[in-house]
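Chemist: There's a structure below that I have some questions on.
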Amino acid sequence: MTEHCPCDTVRELKETVLRHDRQLSRDHTEFAEIQKDLQYIREMLDRKNRFNASAVSSLIQALCTLAVTLIAAKMGFS
């Protein structure tokens with residue numbers, strides 16, 4: 001008659017715990033990489049939005065300057 005040795009159960013449990021630890025470590029690393037990628041995307045979008053706002057502001061400023069210059073020229077202030 002063969003009995004199941006508790007040592008085998010403990011060994012299997014240790015292997016399962018080690019396997020789960022490796023999986024958690026791998027998942028944590030992958031999550032950190034995804035989080036880093038998302039942060040990079042967020043920063044790029046923020047820069048793009050700031051650039052667009054800056055470009056629009058500069059364009060409006062240039063158009064206002066042009067309009068004031070044209071009005072001044074039309075009125076004879078040049």
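The values are calculated or read from the model by the stated rules, or taken from the named source; none is laboratory data. This is a predicted model, so every value here is computed, not measured. Glycine gets a Cβ as well: all are built from the backbone with ideal geometry, and neighbour counts include every protein chain shown.
Chemist: So which of ARG26, ARG50, ARG19 is modelled with pLDDT of 90 or more, part of a helix (DSSP H, G or I), surrounded by 10 or more Cβ atoms within 10 Å (Cβ to Cβ) and not small (Gly, Ala, Ser)? It would help to see each step written out before you state the result.
Modeler: Numbers: ARG26 fails: modelled with pLDDT of 90 or more; ARG50 fails: modelled with pLDDT of 90 or more.
Testing whether each residue is modelled with pLDDT of 90 or more, part of a helix (DSSP H, G or I), surrounded by 10 or more Cβ atoms within 10 Å (Cβ to Cβ) and not small (Gly, Ala, Ser) leaves just ARG19.
Chemist: Could you tell me how many of the residues in segment 56-78 are among the aromatic types (Phe, Trp, Tyr) and modelled with pLDDT of 80 or more?
Modeler: Taking segment 56-78 as the starting set, the residues that turn out to be among the aromatic types (Phe, Trp, Tyr) are 77.
Then drop every residue that is not modelled with pLDDT of 80 or more, which leaves none.
Total satisfying the criteria: 0.
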